[in-house]
Amino acid sequence: MQIAIIGLPNSTKTTVFNALTRGRQETTAYSSGKFDVHTGTVSVPDPRVDRLAAMFRPRKVTYAQVTYADISGLDKGVGRGGLAGPLLNALSESDALLHVVRAFEDPGVPHSEGNVNPRRDLEIVDLELLLSDLAIVERRIERLQAELGRGGTRQNRPANEAELALLQRLQAYLSNEQPLRDMDLTPGELKMLRNFGLLTLKPVVVVLNIGDHAPADALARFSFYQHKKTAILTLRGRLEMELAQMSPEEAAGFLPEYGIEEPGLNRLIRVSYELLGLQSFFTVGEDEVRAWTIPVGATAVEAASVIHSDLAKGFIRAEVVAYDDLMAAGSLVVASQRGRVRLEGRDYVVQDGDILNIRFNV
Ligand SMILES: Nc1nc2c(ncn2[C@@H]2O[C@H](COP(=O)(O)OP(=O)(O)OP(=O)(O)O)[C@@H](O)[C@H]2O)c(=O)[nH]1
Ligand SMILES: [Mg+2]
């Protein structure tokens, strides 16, 4: 899973990136405004993995992974003819957007728009994304219309007409300044749009960096921002970055002092997971205890294919035990004696926290 960190120049993207990845990329008071990408991969903190590791004492423990890409170069005006090149590629490859908005005053940190106004900034970047999508949709509409006008091959005609009708719906939506993630689209329509890399279709987490002196009403002032597949949260950016750069023991000592219940990283990852409709299942053994990421609703054979395509091809059955049942039993043997280890077929819908053992032949 890859999440793109976006925002205006100097909106504190790199600060948030460092907080999330324990990174040490340079943060500066003056933005160059140029396109640049840093990526960092982090383990998804999950206490269930820790408890499974304590039970199985494996040689290796592997958490689920998320990659963050800190992307600079998005600014007012860049979306007009459509975003292009590496900037657009970096954005469209991501599964979700993490939109950083500066919501703190600090005379030492200049603002690209002259003053601090989080609502305006959020809307500036949203508009760029929207215009970029509109350019993509309109280019495709023109091409389809040209092809249909020429008559096309008879075979393609119905598919082209269906696509054109869908794109015209999108165009109307975007022209009305509404992001595509608000539309009701069927799985079939989403599939048709998959290769367009449309940015406003992606789930969004808005992070308001409220700085060191948290204004209590920061979130309340964003109640106007009502969209589907969208979450908003606040973060004390610089503080979280400094905490992330400490050892976990050191940081644990600081959290209560700053009135922070848990590191922003954990909160953000949880929100992103929910937003993307993702969940985890686990594999256990003395070699490795490991968390895997699957969409909510995935079946046993789909889960098997995430581990290895051979497991899906040769799938026979899945041995399944729920996390809570395993913890209550204390061991796999006891869980099995209690009849808690079930045998499930390929269409079993995997539940969050299931421990799976795939039986297969090659
Ligand atoms: N006062 C205060 N300053 C902060 C906070 N978070 C970040 N800053 C400062 O804001 C400035 C910009 O931060 P960056 O993270 O470099 O911003 P950016 O969005 O990555 O900037 P570009 O990549 O250059 O567009 C730096 O001087 C940071 O130290 C905060 O919570 N409080
Ligand atoms: Mg930066």
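Being under 24 Å from Lys202 (Cβ atoms) and aromatic (Phe, Trp, Tyr) is the filter here, so list the residues in segment 277-312 that pass it.
Across segment 277-312, the qualifying residue is only Trp292.
Taking the conditions exactly as written (within 9 Å of ligand 1 (Cβ to nearest atom), in contact (Cβ under 8 Å) with a residue 60 or more places away in the chain and under 24 Å from Leu131 (Cβ atoms)), does Asp75 satisfy them or not?
Against the criterion (within 9 Å of ligand 1 (Cβ to nearest atom), in contact (Cβ under 8 Å) with a residue 60 or more places away in the chain and under 24 Å from Leu131 (Cβ atoms)), Asp75 qualifies.
Out of the strands (runs of 3 or more DSSP E) lying entirely within segment 45-147, which hold 2 or more residues that are in contact with a Phe, Trp or Tyr (Cβ under 9 Å, 6 or more places away or on another chain) and under 30 Å from Gly353 (Cβ atoms)?
Of the strands (runs of 3 or more DSSP E) lying wholly inside segment 45-147, those with at least 2 residues that are in contact with a Phe, Trp or Tyr (Cβ under 9 Å, 6 or more places away or on another chain) and under 30 Å from Gly353 (Cβ atoms) span 65-72.
Specify the residue that is surrounded by the most Cβ atoms within 10 Å (Cβ to Cβ); the eligible residues are those in segment 279-329 that are of a type in the set (Asp, Glu) and farther than 16 Å from Leu52 by Cβ. Walk me through how you get there before you give the answer.
Step one: list which residues in segment 279-329 are of a type in the set (Asp, Glu), which gives 286-288, 302, 310, 319, 324-325.
Filter once more, keeping what is farther than 16 Å from Leu52 by Cβ: 302, 310.
Working: Glu302: 16, Asp310: 14.
Once the filter is applied, the top-ranked residue is Glu302.
Looking at segment 148-176 only, could you name the residues that are modelled with pLDDT of 95 or more and part of a loop (DSSP other than H, G, I, E, B)?
Asn176
If you check Thr28 against the conditions, is it surrounded by fewer than 17 Cβ atoms within 10 Å (Cβ to Cβ), at pLDDT 90 or above and either in a loop (DSSP other than H, G, I, E, B) or away from ligand 1 (no atom under 15 Å from the Cβ) (or both)?
In short, no.
Does Leu97 satisfy the condition of being within 16 Å of ligand 1 (Cβ to nearest atom), free of Cβ contacts under 8 Å to residues at least 60 places away in the same chain and under 30 Å from Arg267 (Cβ atoms)?
Judged against the criteria, Leu97 is not a match.
Go over the candidates Leu208, Leu233, Leu243 one by one and state the one that is closer than 24 Å to Asp126 by Cα and within 12 Å of ligand 1 (Cβ to nearest atom).
Only one candidate qualifies: Leu208.
Would you check which residues across segment 31-64 are within 13 Å of ligand 1 (Cβ to nearest atom) and at pLDDT 90 or above and list them?
Val37, His38
Exactly one of these conditions fails for Thr67: (1) within 16 Å of ligand 1 (Cβ to nearest atom); (2) surrounded by fewer than 16 Cβ atoms within 10 Å (Cβ to Cβ). Give me its number.
(1)
Could you check how many residues of segment 4-27 are touching a Ser or Thr at 6+ places or on another chain (Cβ under 6 Å) and either over 25 Å from Arg120 (Cα atoms) or among the aliphatic types (A, V, I, L, M) (or both)?
3
Which one is farthest from Glu250 (Cα to Cα), of the residues in segment 1-25 that are in a helix (DSSP H, G or I) and near ligand 1 (Cβ under 8 Å from one of its atoms)?
Checking each candidate, the answer is Lys13.
The values are calculated or read from the model by the stated rules, or taken from the named source; none is laboratory data. What you see is a predicted model, and the numbers here were worked out from it, not measured in a lab. All Cβ positions, glycine included, derive from the backbone under ideal geometry; neighbour counts span all protein chains shown.
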